[in-house]
Amino acid sequence: MNVDAAAIDWNSVRADFPLLTRQVHGKPLIYFDSANTGQKPACVIDATDDFYRHHNANVSRAVHALGSEATEAYEGARSKLARFFNVRSDELILCSGTTFAINLVAYSWALPRLQPGDSILVTRMEHHANIVPWQLIAQRTGATLKVAELLPDGALDLPALHAAMTPDVKVLALAHTSNVLGTVNPVAHICKEARKRGIITLIDGSQAAPHMPVDITALDCDFYASTGHKMCGPTGTGVLWARREHIDAMPPFLGGGEMIREVRFDGTVFNEGPHKFEAGTPNIAGFVGLGAAVDYLSQLGMAHIEAREQALLAHLTEALHGIDGLHIFGRAPRKAAVVSFAIDGIHSHDLATLLDLEGVAVRSGQHCAHPLLQWLGVGTTCRASLAFYNTHEEIDAFIAALHKVRKLLG
């Protein structure tokens, strides 16, 4: 689609999402929680439904027509995802989501290699899914978990991060985009610095892949994890990209069907990657839906999506300045359309509950980022996270609802 983002009829795009037409508590739904999960266009819903109605069978286990169709559709989704991320399809592991992908790397790559004296480096802004697996691995191997800190605006302190990349650091696990602050990290630069030092890099792309172009090859990382349900796809889908050298060297994470070549009681010959990491029956219909989602996003153009969301972010940020006592957390020079905020004297759960009565869906709480909230010095925040299917009119209605709720709560 060789057009500017401004030339796209975003109201027509919004009409592709059936759920956005519903009402909540008698009010039109304003869905500002896309960092939690993205809404699904009709083509994704239809693709999933069509698979179950017309093609439902298991993959790679039958020579009959349905089995062949299911396998073709499943592997077709892998190929679409590979093109979307600009990687080879035989380096792309299909899994249930980012959490599984990070655990796969932690247990299959890190656990056999790390030892006392080694360190795992993470940042203050990480989601729990990119903290807890590394804590578990550190406990089992005797390695140490190190934390890279942030600047007051929520950007990474890059000089401090570089200084923390000491010879003991074997793994750097880093969010591409913060789910709380919206900070977009300079991943290509960081991976380049890590590679100079022989540090393996894992990038959590959950909040980046749905909102901007992601060329994994250009990032030059070692592992890249992302989840399907945030990028207009079904839940229970995700990907882990890994360099082929790592795929070949890593042992299977789970054992069972599909990940084997031959099984005998005296030993098993494993399948080649990525299939050796895909034990059991996968979420076939989910990946058919994710393939449709990738087609949809690609047709719109990720650069157009990013431009649309940046315009919405600018509108929302400016409008929030008019709310008395409201504080925004995260003002990095480059950030995604995620705005975490708090209002003096009002608990975020109370604020979110009353906003829900106005039809507005925002997230409240600690956003699976307890260490970051502690650093911010707040117990909880509200988070408004936008997507390309949101509108400027919704932002105006959200601000009006905030003023109303602010007055009710004093």
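Please verify whether region 268-291 includes one or more residues that are outside any helix (DSSP H, G or I), touching a Cys at 6+ places or on another chain (Cβ under 8 Å) and crowded, with 18+ Cβ neighbours inside 10 Å.
There is at least one residue in region 268-291 that is outside any helix (DSSP H, G or I), touching a Cys at 6+ places or on another chain (Cβ under 8 Å) and crowded, with 18+ Cβ neighbours inside 10 Å.
For region 34-118, which fully contained helices (runs of 4 or more DSSP H) count at least 2 residues that are surrounded by fewer than 17 Cβ atoms within 10 Å (Cβ to Cβ) and either touching a residue at least 24 places away in the same chain (Cβ under 8 Å) or polar (S, T, N, Q) (or both)?
Values: elements: 42-50, 65-85, 98-104.
Because the criterion is at least 2 residues that are surrounded by fewer than 17 Cβ atoms within 10 Å (Cβ to Cβ) and either touching a residue at least 24 places away in the same chain (Cβ under 8 Å) or polar (S, T, N, Q) (or both), the helices (runs of 4 or more DSSP H) in region 34-118 that meet it are 42-50, 65-85.
Pro152 versus (1) over 24 Å from Asp220 (Cβ atoms); (2) assigned to a helix (DSSP H, G or I): which is the lone unmet condition?
With (1) over 24 Å from Asp220 (Cβ atoms); (2) assigned to a helix (DSSP H, G or I) applied to Pro152, the lone miss is (2).
Which one of the conditions (1) part of a loop (DSSP other than H, G, I, E, B); (2) aliphatic (A, V, I, L, M); (3) modelled with pLDDT of 95 or more does Leu240 fail to meet, given that it meets all the rest?
The failed condition is (1).
Of the conditions (1) under 18 Å from Gly182 (Cα atoms); (2) of a type in the set (Gly, Ala, Ser); (3) in contact with a Lys or Arg (Cβ under 7 Å, 6 or more places away or on another chain), Gly359 clears all except one; give me its number.
For Gly359, the failing item is (1).
Can you find, within region 318-355, the residue that is surrounded by the most Cβ atoms within 10 Å (Cβ to Cβ) among those that are in contact (Cβ under 8 Å) with a residue 40 or more places away in the chain and among the charged types (D, E, K, R)?
Here the residue is Lys335.
Is it the case that region 171-181 has a residue that's at pLDDT 95 or above and farther than 21 Å from His367 by Cβ?
yes
What is the residue count in region 17-33 for residues that are touching a residue at least 40 places away in the same chain (Cβ under 8 Å) and closer than 19 Å to Val294 by Cα?
Residues that pass the stated criteria total 1.
Exactly one of these conditions fails for Ile323: (1) farther than 25 Å from Gly26 by Cβ; (2) of a type outside the set (S, T, N, Q); (3) at pLDDT below 95. Give me its number.
Exception for Ile323: condition (1).
Check region 324-340 and report whether any residue there is more than 22 Å from Ala155 (Cα to Cα) and of a type outside the set (Lys, Arg).
yes
Could you give me the residue pairs with C-beta distances under 7 Å whose first residue belongs to region 182-206 and is in a loop (DSSP other than H, G, I, E, B), whose second residue is at pLDDT 95 or above and of a type in the set (Phe, Trp, Tyr) wherever it lies, and which are 6+ apart or on separate chains?
Once the first residue is in a loop (DSSP other than H, G, I, E, B) and sits in region 182-206, its partners that are at pLDDT 95 or above and of a type in the set (Phe, Trp, Tyr) give Gly205/Tyr224.
Which ones in region 132-172 are in contact (Cβ under 8 Å) with a residue 24 or more places away in the chain and among the small types (Gly, Ala, Ser)?
Passing the criteria: Ala138, Gly142, Ala143, Ala148, Gly154, Ala155, Ala164.
Filter region 9-33 for residues that are over 25 Å from the mean Cα position of the chain (by Cα) and part of a loop (DSSP other than H, G, I, E, B) and give the result.
Once the filter is applied, which keeps residues that are over 25 Å from the mean Cα position of the chain (by Cα) and part of a loop (DSSP other than H, G, I, E, B), region 9-33 yields Asp9, Arg22, His25, Gly26.
The values are calculated or read from the model by the stated rules, or taken from the named source; none is laboratory data. Remember, it's a predicted structure, so these values are computed and weren't measured experimentally. Every residue, glycine among them, receives a Cβ derived from its backbone with ideal geometry; neighbour counts consider all protein chains shown.
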